Amino acid sequence: MASLRNKALKGLFWSFLDSFGVYLVKFGFSIVIARTLSPDDYGLMGMIVIFISLGQMIMQSGFSMALIQKREADTTDFSTAFWFNFITAVVVYLILFFTAGAIASFFGEPLLVSITRVTAIGIILNALCSIQVSIQTKRMNFRRLTWINLVSALASGTTGLVMALRGFEVWALIFQTLAGNVIYLAGLWITTDWKPQFVFSIQSFRGLFKFGYKVLLQGLTDVLFTKSYFPLIGKFFTVSQLGYYTNASRFYDIFVHQTANSVTRVIFPAFSSIQHEEHKFSSNYTKSFNLLALIMFLGSVVMIISSRPFVSIALTEKWLPAVPFMQLFFVDGFFFPLMMFNLNILYSFGKGGDALKIDIFRKSLIMIGILVLIRYGIRALIAGQVFATLAALIYTSLTIMKFRGICVRSILVPLLKLTVISGLCLIMSFLLTGKITISDWTELIMKLTLIPAVFLLLTRLILPESLINLKEFIMEFRLR
């Protein structure tokens, strides 16, 4: 049997390929579609984000993570979870179908009635394959998931692009998502050897729900507090402003959220299997955390400094008002993946209660930020969200260190050094572009080459051990 290290490394490779390969495909299609559609089209989709996201979360009910965390889940467990998810999805869809009129009235956009009813079909489609995803994740079979994601991304992007070019406007975004859902569903049903049985065990349900409800509560509060920006902006600002915010959020999801998901969906099953081996956990945690920090700090710096020339070139000047939103979202990239890494570590040890408390703490900060900062505009709202993520990262790190007896210096010192390196690179970028007048293409190339080179050089001088770990990590794959 392959060792945990080998399985985790292979899982990370395919999981990152999923994010930076599959999502590169999505990124490419997003650029072309955004050039064709208007900010108002994205604004209409943004108005229903919170309702669809809540429906998806209720449908899952935390059962997917419960199945992964349970060491000996059997066919009865999988079938019980499948039927619960499916029935819940149908109920959620019916609720959204009949409340679509009220949603449209709230925003004063009659078109939202049909948009909500069609978009919500995706909740049912996802319910039909959520357990297959859990099974493949539990087996750490990320290679298969990556290929399925790639095919669905190509189908999704092609559908959206063709419809956008043919003038379907907001419907291009809706059917882009649904087409991806259908192909993803088909791929998982064809390639997964498990099929649901007509079995529903109350005992199994209780066991899964005992763990899953904590994940559900965290997910619901996450949607309510982080996605509440969409209806608030849609209500108090213009549709175009919401469109800028929505598209900035989409790119944030592609680069930051998907990176976090790639790491955590490998980390959760990997660390669950060593939850009783304290020494092995401590060494793996410290090394993994610092390696992820290096990757995310470098990536976030590059995304922040290259946002303006990228948007000007790729999306055209009509999207330049979205740049400040994008840059603030990418600041969250310094912290969000690390926070999610820590939360999944807590879940892998069955510490869902502690993870939930920390998440409630973060959501409370977000709510305070919304109440206080909405009068100062959209950028202030995003800044409040970033601060809440940073506070939660500190909280989760201290909890894990206390729980597992990890030295604070082993985490804090590398983070401080990476902060200094990132700050120097941001200052250098600002000085270079502020002193000379250059074309967008020249600015973009410079920021994608020169600044990363400086970052890595400073890392070699200030934090050489992290660069050594990165080289070892890369070499693991070259030797396979």
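For the condition more than 24 Å from PRO39 (Cα to Cα), surrounded by 22 or more Cβ atoms within 10 Å (Cβ to Cβ) and touching a Leu at 6+ places or on another chain (Cβ under 6 Å), what is the one hit in SER134, SER152?
Numbers: SER152 fails: touching a Leu at 6+ places or on another chain (Cβ under 6 Å).
Residue meeting the stated conditions: SER134.
Can we say PHE200 is over 29 Å from PHE27 (Cβ atoms), outside any helix (DSSP H, G or I) and in contact (Cβ under 8 Å) with a residue 40 or more places away in the chain? Write out each step before concluding.
Working: over 29 Å from PHE27 (Cβ atoms): yes; outside any helix (DSSP H, G or I): yes; in contact (Cβ under 8 Å) with a residue 40 or more places away in the chain: yes.
So PHE200 passes the test.
Among the candidates SER262, SER282, SER300, single out the residue that is in contact with a helix residue (DSSP H, G or I) (Cβ under 8 Å, 6 or more places away or on another chain), assigned to a helix (DSSP H, G or I), hydroxyl-bearing (Ser, Thr, Tyr) and at pLDDT 90 or above. Before you say what the answer is, go through the steps one by one.
Working: SER262 fails: at pLDDT 90 or above; SER282 fails: at pLDDT 90 or above.
Being in contact with a helix residue (DSSP H, G or I) (Cβ under 8 Å, 6 or more places away or on another chain), assigned to a helix (DSSP H, G or I), hydroxyl-bearing (Ser, Thr, Tyr) and at pLDDT 90 or above holds for just one of SER262, SER282, SER300, which is SER300.
Search segment 117-131 for residues that are within 16 Å of ILE95 (Cα to Cα) and pair each with any residue that is aromatic (Phe, Trp, Tyr) and not in a helix (DSSP H, G or I) when their beta-carbon atoms are under 6 Å apart and the residues are at least 6 apart or on different chains.
none
Which of the following residues is touching an Asp or Glu at 6+ places or on another chain (Cβ under 9 Å) and either modelled with pLDDT under 95 or surrounded by fewer than 19 Cβ atoms within 10 Å (Cβ to Cβ) (or both): ILE295, ILE313, ILE274? Talk me through it step by step, then tell me what you get.
Details: ILE295 fails: touching an Asp or Glu at 6+ places or on another chain (Cβ under 9 Å); ILE274 fails: touching an Asp or Glu at 6+ places or on another chain (Cβ under 9 Å).
Being touching an Asp or Glu at 6+ places or on another chain (Cβ under 9 Å) and either modelled with pLDDT under 95 or surrounded by fewer than 19 Cβ atoms within 10 Å (Cβ to Cβ) (or both) holds for just one of ILE295, ILE313, ILE274, which is ILE313.
Name the residues in segment 85-100 that are surrounded by fewer than 21 Cβ atoms within 10 Å (Cβ to Cβ) and not aliphatic (A, V, I, L, M), would you?
Answer for segment 85-100, where residues must be surrounded by fewer than 21 Cβ atoms within 10 Å (Cβ to Cβ) and not aliphatic (A, V, I, L, M): PHE86, THR88, TYR93, PHE97, PHE98, THR99.
Scan segment 345-394 residue by residue and report those that are of a type in the set (Ser, Thr, Tyr), surrounded by fewer than 19 Cβ atoms within 10 Å (Cβ to Cβ) and more than 23 Å from TYR244 (Cβ to Cβ). Show your work before the answer.
To start, the set of residues in segment 345-394 that are of a type in the set (Ser, Thr, Tyr) comprises 347-348, 364, 376, 389.
So of that shortlist, the ones also surrounded by fewer than 19 Cβ atoms within 10 Å (Cβ to Cβ) come out as 364, 376.
Listed by number, the list holds a single entry, SER364.
Quick one: count up the residues across segment 30-50 that are farther than 18 Å from GLU317 by Cα and assigned to a helix (DSSP H, G or I). Before the answer, list the steps.
So in segment 30-50, the residues farther than 18 Å from GLU317 by Cα come out as 44-50.
Those still in the list that are assigned to a helix (DSSP H, G or I) too: 44-47, 49-50.
Residues meeting the conditions: 6.
I want to confirm something. Restricting to segment 51-83 and keeping residues that are in a loop (DSSP other than H, G, I, E, B) and of a type in the set (D, E, K, R), which single residue is nearest to LEU216 (Cα to Cα)? Please lay out each step first, then the result.
Step one: of segment 51-83, the residues in a loop (DSSP other than H, G, I, E, B) are 61-62, 70-74.
Retained after the next criterion (residues that are of a type in the set (D, E, K, R)): 70-72, 74.
Numbers: LYS70: 16, ARG71: 20, GLU72: 21, ASP74: 22 Å.
Filtering first and then ranking leaves LYS70.
Please enumerate the residues belonging to segment 225-248 that are surrounded by fewer than 24 Cβ atoms within 10 Å (Cβ to Cβ) and either of a type outside the set (A, V, I, L, M, F, W, C) or free of Cβ contacts under 8 Å to residues at least 12 places away in the same chain (or both). Reasoning before the result, please.
Step one: filter segment 225-248 for residues surrounded by fewer than 24 Cβ atoms within 10 Å (Cβ to Cβ), giving 225-228, 230-232, 235-241.
Selection gives THR226, LYS227, SER228, PRO231, LYS235, THR238, SER240, GLN241.
For segment 392-480, which helices (runs of 4 or more DSSP H) that fit wholly inside it have 1 or more residues that are modelled with pLDDT under 85 and of a type in the set (A, V, I, L, M)? Steps first, answer last, please.
Details: elements: 409-435, 440-462, 464-478.
Because the criterion is at least 1 residues that are modelled with pLDDT under 85 and of a type in the set (A, V, I, L, M), the helices (runs of 4 or more DSSP H) in segment 392-480 that meet it are 409-435, 464-478.
The values are calculated or read from the model by the stated rules, or taken from the named source; none is laboratory data. If you're wondering where the values come from, they're calculated on a predicted model, not measured in any experiment. In this analysis, Cβ positions are derived from the backbone assuming ideal geometry, glycine residues included, and neighbour counts consider all displayed protein chains.
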